[in-house]
1. With respect to PRO108, is the statement that it is over 16 Å from ALA151 (Cβ atoms), in contact with a helix residue (DSSP H, G or I) (Cβ under 8 Å, 6 or more places away or on another chain) and crowded, with 19+ Cβ neighbours inside 10 Å true?
2. Does the stretch 37-67 hold any residues that are in contact (Cβ under 8 Å) with a residue 60 or more places away in the chain and among the charged types (D, E, K, R), and which are they?
3. Could you grab me the full set of residues in the stretch 101-151 that are on the phi > 0 side of the Ramachandran plot and modelled with pLDDT of 95 or more?
4. Here are the criteria: (1) surrounded by 13 or more Cβ atoms within 10 Å (Cβ to Cβ); (2) within 24 Å of the chain's Cα centre (by Cα); (3) touching a residue at least 24 places away in the same chain (Cβ under 8 Å). Tell me which single one ALA12 does not satisfy.
5. Can you tell me which residues in the stretch 34-51 are of a type in the set (S, T, N, Q) and either closer than 15 Å to VAL93 by Cβ or at pLDDT below 95 (or both)?
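The values are calculated or read from the model by the stated rules, or taken from the named source; none is laboratory data. None of the values given here were measured: they were computed from a predicted structure. Reconstructed Cβ throughout: ideal geometry from the backbone, glycine too, with neighbour counts over all protein chains shown.
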Amino acid sequence: MRVWICWSVNNAGTINKNNKLWEVPEEEFEEVMDTNVKGTANVLRHFIPLMIEWKKAEGIIVNMSSGWGRSGAALVAPYCASKWAIEGLSKSVAKEVGQGMAVVALNPGVIHTDMLSSCFGTSASLYQSPHSWALKAATLILNLTPADNGASLTVWHPSLFSFYSSFNFFMHFFFQTNVKLLHYIIHVLIYNTLYPPFSSLYYSFLERSRILQEFYHKLHLHTQKLTLNKFVFQGL
């Protein structure tokens, strides 16, 4: 029997100008919340009943979150707060919908957009283009199923995803330590200070290490098989 799928991708978003919270005008704070939180909630309020009513179809709802919805950053407190709200909203609504539906929070990763430029300035150009991102994001979204309900997912840049895989294996193999904690530490380092310059240094190191090259190759094939090329990494 053919299964129909309905998607709703809540992608509208805005960010405040870089400022300390007490220097952000009230109107600007409200604009961020109205767009990022209330806008998403309004779409859910109107579309979920229609998805539930159409029993022949599976319903997949994707609420755009952010890396700053799982961590914090100075000068963008309103934006961070709005994306933390999206994470909580998505997980809560996921518990309210029935079978055959999924509500997920999706961190798009770091993309060279006008919003990123407003935060990072000229260094925003170092990150992936919207076009290259869209190809990965579309593959991920189109492969979502009701089994993903309640998940916090991320569209990984391939080099960043490979870095995580190799780092995870290397540290677990040699140190047998808390990999989840290490993931969190490297996540903070990459998103706040080091990536992408650190990524290029990392690959230079890989090129000079035959053993790590072999580890990387095997891990890359293994993770591709596990994720079905979706580049999905479950939130910590």
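1. No, not satisfied.
2. The answer is GLU58, and nothing else.
3. Answer for the stretch 101-151, where residues must be on the phi > 0 side of the Ramachandran plot and modelled with pLDDT of 95 or more: just GLY150.
4. Failing condition for ALA12: (1).
5. Within the stretch 34-51, THR40, ASN42 qualify.
Every residue, every condition in (1) closer than 19 Å to VAL155 by Cβ; (2) touching a Phe, Trp or Tyr at 6+ places or on another chain (Cβ under 8 Å), yes or no:
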{"residue": "GLY13", "(1), (2)": "yes, no"}
{"residue": "ASN16", "(1), (2)": "no, yes"}
{"residue": "ASN19", "(1), (2)": "no, no"}
{"residue": "LEU44", "(1), (2)": "no, no"}
{"residue": "VAL62", "(1), (2)": "yes, yes"}
{"residue": "ALA85", "(1), (2)": "no, no"}
